[in-house]
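These notes concern the structure reproduced below.
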Amino acid sequence: MKREVTLTVNDRSYTRQVEPRLLLSDFLRHELALTGTHVGCEHGICGACTVLLDGEPIRSCLIFAVQADGHGVTTVEGLSDDPGNLHPLQQAFWEAHGLQCGFCTPGILMTLLPFLQEHPDPSEDEIRQALSGNLCRCTGYQFIVEAARRAAEKLHAPQGGAA
Ligand code: FES
Ligand code: FES
């Protein structure tokens with residue numbers, strides 16, 4: 001039997017009738033057409049499906065949509081969809097060539113966002129540790145780490161810039 005859920009996603013409220021077994025990742029992609037959240041392993045391993053639940057990074061393939069009822073979700077679409085005014089994280093990845101195919105990128109961005117908010121000047125080791133649960137098949141992580149460093153600078157620049 002379906003259940004009604006109401007979620008705030010990227011500051012917009014959605015109410016839907018869903019099967020209790022519907023994963024949050026599938027809810028975002030199929031019910032809300034927010035396909036920026038990618039699904040790789042569906043087992044909590046790859047990190048591609050990472051979103052923020054009430055500000056904390058979680059793997060959306062590991063919880064059901066009904067478990068997120070009444071909560072706030074931020075997906076990669078919550079950053080910026082304006083190519084002329086990218087979020088500092090997106091801008092940094094663009095500048096540092098931090099992606100190739102881009103499949104892992106949404107999960108990496110959503111992992112980095114709260115991490116960089118709490119770590120204004122992270123070391124390479126800290127960045128690599130923060131990203132240890134995000135698997136990228138394309139890059140050697142060097143550009144990703146460089147992008148994360150740039151993003152930290154942009155997010156914490158004196159004149160602001162954090163979105
Ligand atoms: S799809 Fe969720 S961790 Fe891989
Ligand atoms: S850029 Fe292709 S999987 Fe990471």
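Which of (1) part of a helix (DSSP H, G or I); (2) buried (at least 21 other Cβ atoms within 10 Å of the Cβ); (3) out of contact with any Gly (no Cβ under 9 Å at 6 or more places or on another chain) is the odd one out, the single condition residue 98 does not satisfy?
If we test residue 98 against (1) part of a helix (DSSP H, G or I); (2) buried (at least 21 other Cβ atoms within 10 Å of the Cβ); (3) out of contact with any Gly (no Cβ under 9 Å at 6 or more places or on another chain), just (1) comes out false.
Give me the residue from the stretch 56-85 that is within 18 Å of residue 132 (Cα to Cα) and assigned to a strand (DSSP E or B) and, out of that set, most open to solvent (accessible area, probe 1.4 Å). Steps first, please.
Restricting attention to the stretch 56-85, the residues satisfying the condition of being within 18 Å of residue 132 (Cα to Cα) are 56-62.
Restricting the remaining residues to those that are assigned to a strand (DSSP E or B) gives 56-59.
Numbers: 56: 110, 57: 59, 58: 37, 59: 59 Å².
For the stretch 56-85, the residue satisfying everything is 56.
Restricting attention to the stretch 21-45, which residues are under 14 Å from residue 10 (Cα atoms), within 14 Å of the chain's Cα centre (by Cα), without any contact (Cβ under 8 Å) to a residue 60 or more places away in the chain and in a loop (DSSP other than H, G, I, E, B)?
The answer is 34, 35.
Listed residues 88, 120; which is out of contact with any Phe, Trp or Tyr (no Cβ under 8 Å at 6 or more places or on another chain) and either among the hydrophobic types (A, V, I, L, M, F, W, C) or surrounded by fewer than 23 Cβ atoms within 10 Å (Cβ to Cβ) (or both)? Talk me through it step by step, then tell me what you get.
On the way: 88 fails: either among the hydrophobic types (A, V, I, L, M, F, W, C) or surrounded by fewer than 23 Cβ atoms within 10 Å (Cβ to Cβ) (or both).
Result of the check over 88, 120: 120.
Select from the stretch 1-11 the residues that are closer than 9 Å to residue 72 by Cα and surrounded by 10 or more Cβ atoms within 10 Å (Cβ to Cβ) and list them in ascending order.
Taking the stretch 1-11 and keeping what is closer than 9 Å to residue 72 by Cα, we get 7-11.
Correct list: 7, 8, 9, 10.
Which ones in the stretch 101-122 are in a loop (DSSP other than H, G, I, E, B), touching a Lys or Arg at 6+ places or on another chain (Cβ under 9 Å) and within 16 Å of ligand 1 (Cβ to nearest atom)?
101, 103, 104
Please count how many residues of the stretch 123-146 are assigned to a helix (DSSP H, G or I), within 11 Å of ligand 2 (Cβ to nearest atom) and surrounded by 19 or more Cβ atoms within 10 Å (Cβ to Cβ). Steps first, please.
Restricting attention to the stretch 123-146, the residues satisfying the condition of being assigned to a helix (DSSP H, G or I) are 124-130, 142-146.
Subset that is within 11 Å of ligand 2 (Cβ to nearest atom): 143-144.
Narrowing the set further to residues that are surrounded by 19 or more Cβ atoms within 10 Å (Cβ to Cβ) leaves 144.
Matching residues across the stretch 123-146 total 1.
The values are calculated or read from the model by the stated rules, or taken from the named source; none is laboratory data. Worth saying up front: this structure is predicted, and the values here are computed from it rather than measured. Positions of Cβ are generated from backbone atoms using ideal geometry, with glycine treated the same way; all protein chains shown enter the neighbour counts. Surface accessibility is based on the protein's heavy atoms, side chains included, excluding ligands, DNA and RNA. Shrake-Rupley method; radii C 1.70, N 1.55, O 1.52, S 1.80 Å.
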